[in-house]
Amino acid sequence: MPTNEKSDDCLDLTNCAACTKNIKCGWCAMEERCIAGDNIGPLYTMCNFYNYLYCAGDCARFVDCESCTKNKGCGWCED
């Protein structure tokens, strides 16, 4: 029986951080689910606010400029 490529390990990942650590997955922020995807986008479905290799809005965890600005989508503000 052929493997259904749509039912992969991504579906078992239940948060953005775990999902975006897997290069075969991307996080759909609005739907709050992990799906198969790559740097171009989702492979088998549409989703809103697709995150690949990083979680947008996860910038608050950085405590210094260097680590912050190494992450796509984050910027550092000196206060």
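Odds and ends about this structure:
- Fully extended contour minus Cα-Cα distance, from Cys68 to Leu53, at 0.36 nm per residue: 3.9 nm
- For Gly37, the residues 5 or more places off, or on other chains, whose built amide H falls under 5 Å of its own are Cys25, Gly26, Leu43.
- Within the stretch 29-79, the chymotrypsin sites (Phe, Trp or Tyr not before Pro) that combine a DSSP coil assignment with at most 13 other C-beta atoms in a 10 angstrom radius are Tyr44, Phe49, Trp76.
- Spin-label proximity, Ala60 to the stretch 9-28 - amide N less than 17 Å from point 7 Å beyond Cα toward beta carbon: 16-17
Every read-out reported here was derived from the displayed coordinates using simple, explicitly stated rules and does not represent laboratory data. All of these numbers come straight from a predicted model, not from anything done at the bench. Neighbour counts run over all protein chains shown; Cβ positions are idealised from the backbone, glycine included.
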